[in-house]
Amino acid sequence: MEDERMIRLSKRMSKALRHQPERVGLTLDAAGWVSVADLLSALGISEEDMLEVVERNDKKRFVVDGDRIRANQGHSVEVDLGLPAAVPPGDLFHGTVAQYLDDIMRDGLRPMSRHDVHLSPDRETARRVGARRGRPLILVVDAQAMHADGHEFRLSANGVWLTQHVPARYLRTT
């Protein structure tokens, strides 16, 4: 499958599994799972193409478990991924762009239309995330201090750290 076609299919799968399952006739269960057969039928794609997207996606957005599939995180629809609380490393990272910096440094990081704030384990991943919207800025999150102050973190299957909100006092620019 050529890269451009794979990217388009990945975006369609994201919309179906993270944002608008009803638009293609899908109903996610409480944990975000849907049967592979239902997804294939709803999107009119082959199992081979779906599996290629799952395997080749650089962010490992999707996971297949037997005869079902779900997105690892990033949902704007109500799901409970069942991820246990986890102790984060000392620092985590968030990629953004300059136009949002003043608001972030005032209000902190908020999930916006998603369920959680997404944090990266390393600067390079955060840089790639921020670069999707322009020239990236990397914010450093003092995750150790947040955790010590009672903020909960969860780790998704693809290595993205999730938390409900990052207050501005835990952020610094690099």
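Since every read-out is calculated from the coordinates, none of them should be taken as a lab result. Everything quoted here is computed from the prediction, not taken from an experiment. Ideal geometry is used to build each Cβ from the backbone, glycine not excepted, and the neighbour counts take in all protein chains shown.
Considering helices alone, the calculated mean residue ellipticity of the chain at 222 nm is -8500 deg cm²/dmol, with DSSP H runs of length four and up weighted by -39500 (n - 2.57) and normalised per residue. In region 8-83, inverting the average of 1/r over every pair of distinct C-alpha atoms gives 12.1 Å as the Kirkwood radius.
Dividing the mean sequence gap of close Cα pairs (under 8 Å, 6+ apart) by how many residues region 17-146 holds gives a relative contact order of 24 percent. Helices meeting the span-like rule in the chain (full DSSP H runs, Cα extent of at least 27 Å along the helix axis, mean Kyte-Doolittle score of 0.0 or higher) are absent. Centre-to-centre, using Cα atoms only, region 113-174 and region 77-109 are separated by 4 Å. Multiplying the residue separation of residue 105 and residue 174 by 0.36 nm and removing their Cα-Cα distance gives an extension gain of 23.5 nm. Annotation: Cα Rg of region 91-173 relative to the compact-globule expectation 2.2 N^0.38 Å equals 0.99.
Debye sum, Cα scatterers, region 51-102, no solvent: what log₁₀ I/I(0) at q = 0.18, 0.25, 0.31 1/Å? Cα-only, vacuum Debye calculation for region 51-102: -0.92, -1.10, -1.16.
Based on the Stokes-Einstein relation at 20 °C and a viscosity of 1.002 mPa s, and on the Kirkwood radius from alpha carbon pairs, the chain is assigned a translational diffusion coefficient of 126 µm²/s.
Taking the average, over residues, of other Cβ atoms within 10 Å as the packing measure, peptides 116-125, 78-87 rank 116-125, 78-87 from highest down.
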